[in-house]
Amino acid sequence: MSKRTFKLVFLLLYVMGGSLAYMLGSLHRLEPFKLLNVVGIVYGLLGIIVLSEFIVQNAKWTRFVVETLSGVLVWAHGAIPIGASSTSFLLYLAAGSDFPSALIVGEASIIFLIYSLLPTWVVEDVVFAPKLKISKDPLIRVRRFGLFLVIAGMAVQLIAAIQDLMHS
């Protein structure tokens, strides 16, 4: 992917994070475990789509998933939380009373950015740019990617459920 395309995708993901912060920051009482639950569901849904027979049996789609979609996911793990945290902190400073959950969104975004180092490393080294020769096969890479997404989604939802129980 060219530098220009990378910059455009990064900018779009950054704006997406800022838009999410704007929407979520305006909520009166946002609870972070609910955000985790949504993230877990998104991971799981992506994993199910990646593991679907349509993707696995179509070489063109398999290559798209491992060569493009996995790269966009790697970039999204950085750009969306950076956009969300910077926007939420600006909203908190400029109009804190209109955005009562802005600080919560900013803190959650930073925590997610730190957490996302692990999935980013796994996806980049195992799916997007595998280091081992045995891992170069796109079919193996797409299956690993789907499995990772499903497991990560379930783990994040489990963490959200435990936080919800502790909160009650």
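Do we find that PHE145 is at pLDDT 90 or above, hydrophobic (A, V, I, L, M, F, W, C), assigned to a helix (DSSP H, G or I) and out of contact with any helix residue (DSSP H, G or I) (no Cβ under 8 Å at 6 or more places or on another chain) in this structure?
No: the conditions fail for PHE145.
Go through segment 20-52 and give me each residue that's touching a residue at least 12 places away in the same chain (Cβ under 8 Å), over 13 Å from GLY153 (Cα atoms) and small (Gly, Ala, Ser).
Scanning segment 20-52 gives ALA21, GLY25, SER26.
Can you name the condition, by its number, that PRO32 falls short on among (1) more than 28 Å from SER135 (Cα to Cα); (2) open to solvent by 70 Å² or more (accessible area, probe 1.4 Å); (3) not polar (S, T, N, Q)?
Condition not satisfied by PRO32: (2).
Of ILE159, ILE140, ILE104, which residue is more than 17 Å from the chain's Cα centre (by Cα), under 29 Å from GLY25 (Cα atoms) and β-branched (Val, Ile, Thr)?
Matching residue, one of ILE159, ILE140, ILE104: ILE104.
Is at least one residue of segment 88-104 open to solvent by less than 10 Å² (accessible area, probe 1.4 Å) and of a type in the set (A, V, I, L, M, F, W, C)?
Within segment 88-104, one or more residues are open to solvent by less than 10 Å² (accessible area, probe 1.4 Å) and of a type in the set (A, V, I, L, M, F, W, C).
Looking at LEU139, is it over 20 Å from PHE10 (Cα atoms) and open to solvent by 40 Å² or more (accessible area, probe 1.4 Å)?
Yes; evaluated as a whole, the condition is true for this residue.
The values are calculated or read from the model by the stated rules, or taken from the named source; none is laboratory data. Note that the structure is predicted; figures quoted are calculated from it, not measured. Quick reminder, even Gly has a Cβ in these numbers, built from the backbone with ideal geometry, and neighbours come from all protein chains shown. To get the accessible areas, we keep the full protein, side chains included, count just its heavy atoms, and leave off ligands, DNA and RNA. Shrake-Rupley method; radii C 1.70, N 1.55, O 1.52, S 1.80 Å.
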